[in-house]
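Structure first, commentary second.
The values are calculated or read from the model by the stated rules, or taken from the named source; none is laboratory data. All of these numbers come straight from a predicted model, not from anything done at the bench. Cβ coordinates were reconstructed from backbone atoms using ideal geometry, including for glycine residues, and neighbour counts include every protein chain displayed.
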């Protein structure tokens, strides 16, 4: 049997949402390594909306666009229709496919892994479950839904059953590994920690004074603190907004991206046209390297109590950019572990705006410390978190199945 990596992912190329971009890069590297790479995905609906042909080849990857609606992500009912149509297409196609290669999928959208795990059991196929976020556990901890809700109880039973049916379970964080082991101890031997990654060909150290965004927005004489990426349920944007209100001298806060909690940031700022803040939309993939290096410090946020539930992938872009990290995250989270182990920044309580302001002031005043931590960021990235490093770990796992 030839080496084959088979991935089912609702989002993939040409969508530029982070999950699509990361798995497209991973598959491309594995294809370069001689693997036969096949992906089933939905029609694009995030950054792209042009419907694709049923099958294309891209960077050596055979991509099958299954039947699905592709309403834009801002349409809640449209997104639900996208999930339902894609899940139905996957189910029918997988049920009637005779191949026995292992199936890889992840938790976006949440139902798909549960469905695929059951079909793989029926079809006697190996199933590898990549856990990006834990649903609905995160919503429970945020108080959005009750653990006693009958639907939630039923979902959790299905989720635990899918974990037990999995051949292997990949987690992004050691905190997630610990939590899963506590919830369902019999799956512990199946769990493998493989972190997220970033493309070192896109993001690399560059001269701050020549950065296109710094020059475009006149920031050469500013100390730039940046938050780039999704502003979602897992992130505390209010604390960052309060830090902006502190009006630190010559400090410019740059926010790039959007999401459900962007309004929380704007409401806290009161005036989005403040002179010490720059707010930009999501940038195209080809601009990612320039935007992430257009700062002196990179911010990561994970709300208190969400350790073991999610690992914000934006930290790997900050490490790649070679700048210090200020991680506003729980102490026992994967992000905190990384920052402390690599000595590449500071960990702050997610709601402690005073500590955040103090650390920004410290790093602004101590260039040597800032450079040292920035160098540690890049060294850690090159050693552990490039697409190449993570592809090698996926390949080892695949060859063991």
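Data overview
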{"read-out": "All positions within the stretch 262-302 that are modelled with pLDDT under 95, part of a loop (DSSP other than H, G, I, E, B) and closer than 30 Å to residue 135 by Cα", "value": "281, 282, 283, 284"}
{"read-out": "Neighbours by Cβ (under 6 Å, 6+ apart or cross-chain): first from the stretch 143-164, farther than 15 Å from residue 187 by Cα; second in a helix (DSSP H, G or I)", "value": "145/139; 145/152; 147/140"}
{"read-out": "Helices (runs of 4 or more DSSP H) contained in the stretch 321-401 and holding at least 2 residues in the same structural domain as residue 28 (by TED's automatic domain parsing) and crowded, with 16+ Cβ neighbours inside 10 Å", "value": "387-400"}
{"read-out": "Options 46, 101; residue that is closer than 28 Å to residue 310 by Cα, assigned to a loop (DSSP other than H, G, I, E, B) and touching a residue at least 24 places away in the same chain (Cβ under 8 Å)", "value": "46"}
{"read-out": "Of all residues making up the stretch 299-343, the number that are within 16 Å of the chain's Cα centre (by Cα) and under 11 Å from residue 377 (Cα atoms)", "value": "7"}
{"read-out": "The lone exception for residue 244 - which of (1) touching a residue at least 40 places away in the same chain (Cβ under 8 Å); (2) under 27 Å from residue 142 (Cβ atoms); (3) in contact with a strand residue (DSSP E or B) (Cβ under 9 Å, 6 or more places away or on another chain); (4) part of a helix (DSSP H, G or I) it fails", "value": "(1)"}
{"read-out": "Qualifying residue in the stretch 106-118 (condition: in the same structural domain as residue 180 (by TED's automatic domain parsing), surrounded by fewer than 16 Cβ atoms within 10 Å (Cβ to Cβ), touching a strand residue (DSSP E or B) at 6+ places or on another chain (Cβ under 9 Å) and assigned to a loop (DSSP other than H, G, I, E, B))", "value": "no"}
{"read-out": "Pick from the stretch 40-66, criterion surrounded by fewer than 22 Cβ atoms within 10 Å (Cβ to Cβ) and in contact with a helix residue (DSSP H, G or I) (Cβ under 6 Å, 6 or more places away or on another chain), ranking: farthest from residue 196 (Cα to Cα)", "value": "66"}
{"read-out": "Test set (1) in contact (Cβ under 8 Å) with a residue 40 or more places away in the chain; (2) closer than 19 Å to residue 395 by Cα; (3) in contact with a strand residue (DSSP E or B) (Cβ under 8 Å, 6 or more places away or on another chain) - residue 33 fails condition number", "value": "(3)"}
{"read-out": "Test: residue in the stretch 9-29 that is at pLDDT 95 or above, in contact with a strand residue (DSSP E or B) (Cβ under 6 Å, 6 or more places away or on another chain) and over 19 Å from residue 89 (Cβ atoms)", "value": "yes"}
{"read-out": "Criterion violated by residue 237 - all others in (1) without any contact (Cβ under 8 Å) to a residue 60 or more places away in the chain; (2) over 13 Å from residue 289 (Cβ atoms) satisfied", "value": "(1)"}
{"read-out": "Residue identified as touching a helix residue (DSSP H, G or I) at 6+ places or on another chain (Cβ under 9 Å), modelled with pLDDT of 95 or more and more than 20 Å from residue 19 (Cα to Cα) among 206, 188, 246, 166", "value": "166"}
{"read-out": "Any hit, the stretch 153-168, residues being out of contact with any strand residue (DSSP E or B) (no Cβ under 8 Å at 6 or more places or on another chain) and either more than 23 Å from residue 118 (Cα to Cα) or part of a loop (DSSP other than H, G, I, E, B) (or both)", "value": "no"}
